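The values are calculated or read from the model by the stated rules, or taken from the named source; none is laboratory data. Nothing here was measured: the structure is a model prediction, and the numbers come from that model. Neighbour counts run over all protein chains shown; Cβ positions are idealised from the backbone, glycine included. Accessible surface areas use protein heavy atoms only, side chains included; no ligands, DNA or RNA. Shrake-Rupley method; radii C 1.70, N 1.55, O 1.52, S 1.80 Å.
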Number of protein chains: 2
Amino acid sequence: MNIGQASEKSGVSAKMIRYYEQIGLITPPLRTDSNYRVYGPDEVHVLRFIKRARTLGFSVEETATLLGLWQDRSRASGEVRDIASSHIAALETKIDELQGMVKTLKHLVHCCAGDNRPDCPILDDLAGKPAH
Amino acid sequence: MNIGQASEKSGVSAKMIRYYEQIGLITPPLRTDSNYRVYGPDEVHVLRFIKRARTLGFSVEETATLLGLWQDRSRASGEVRDIASSHIAALETKIDELQGMVKTLKHLVHCCAGDNRPDCPILDDLAGKPAH
DNA sequence: GGTAGACCTTCCCATAATGGTAAGGTCAAG
DNA sequence: CTTGACCTTACCATTATGGGAAGGTCTACC
């Protein structure tokens, strides 16, 4: 299987497959005589694992750890759970921050007349003026 | 006022003040004979505007637009409201995505025994195995 | 006057993860 | 044997931020 097919089957772009290989996240595959990378079902499986972890918001570095745990038969599942748990906490912090931004912005938009007058509470707020 | 004080008063690092100047977000300030940048209250005001916009999650490019609208006396506040509204929509999409991730991860953590057995539903899920 | 330490200057490099492009080799179908 | 789709490497760009080096300046104190 060429890199194009592996990409299609895994959902990881060819560009990223080469990148993951370069940074050592995946092991270099075999090559044909003409230097083409050759992938088998196992490699695609690994790529799909990576794709899924990335989609769930794990960084490449975290993904590398998870991949190591996946491939280590003597792993402790508690370790995996801890990684996932702290990841959840980080995501929730991020969500809270974003919700704070949305709340502020919604308040401002609600107060903004939206016509052509230059009195804009959004800009006033950004400029640090006290709310009217 | 030197860049250090301007940084302290605005909450924007000296490094970033120079960067904002370099990319044209702010106009170059006056210099002393010894080539030090000199800032006054107006400049700090602008920097605080920028800081606030960045904190609210606007990109530097969006911030530039807002800054332009702020400084343009003939601006239409509807334009500002539109920028804020589409920004809210983008934030809410992001929040939804993150919440989806949290939900999935929480489910997995809940199912994960967390002991030392190598049967880990989180890894199984990442690997694409059907849920038990 | 001299010196130490805190500040400033510019320039270069690094990050995380991804995309783009260019120049060239290869393969399969017609 | 040509055409087009694919592959290869190598380099550059992105966003916003920080780090560091090498050197100039200013202030406070002796």
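Would you pick out the residues in the range A:26-54 that are within 14 Å of chain B (Cβ to nearest Cβ) and within 11 Å of DNA strand C (Cβ to nearest atom)? Selection gives A:Ile50, A:Lys51, A:Ala53, A:Arg54. Mind checking which residues of the range A:1-13 are near DNA strand C (Cβ under 10 Å from one of its atoms), surrounded by fewer than 16 Cβ atoms within 10 Å (Cβ to Cβ) and more than 16 Å from the chain's Cα centre (by Cα)? If the condition is that a residue be near DNA strand C (Cβ under 10 Å from one of its atoms), surrounded by fewer than 16 Cβ atoms within 10 Å (Cβ to Cβ) and more than 16 Å from the chain's Cα centre (by Cα), then A:Asn2 is the only one that fits. Determine whether B:Glu97 is open to solvent by 70 Å² or more (accessible area, probe 1.4 Å), over 24 Å from A:Glu97 (Cα atoms) and facing another protein chain (nearest Cβ under 10 Å). For B:Glu97, the condition - open to solvent by 70 Å² or more (accessible area, probe 1.4 Å), over 24 Å from A:Glu97 (Cα atoms) and facing another protein chain (nearest Cβ under 10 Å) - is not met. When B:Cys111 is tested against (1) touching a helix residue (DSSP H, G or I) at 6+ places or on another chain (Cβ under 8 Å); (2) modelled with pLDDT under 85; (3) closer than 27 Å to A:Arg54 by Cβ; (4) facing chain A (nearest Cβ under 9 Å), exactly one condition is not met: (4). Scanning the range A:17-72 for residues that are touching a Ser or Thr at 6+ places or on another chain (Cβ under 7 Å) and either open to solvent by 70 Å² or more (accessible area, probe 1.4 Å) or over 27 Å from B:Gly100 (Cα atoms) (or both) yields A:Val38, A:Arg48, A:Lys51, A:Arg54.
Has the range B:74-94 got any residue that is at the interface with chain A (Cβ under 9 Å from one of its Cβ atoms) and within 16 Å of DNA strand C (Cβ to nearest atom)? Checking the range B:74-94: at least one residue is at the interface with chain A (Cβ under 9 Å from one of its Cβ atoms) and within 16 Å of DNA strand C (Cβ to nearest atom).
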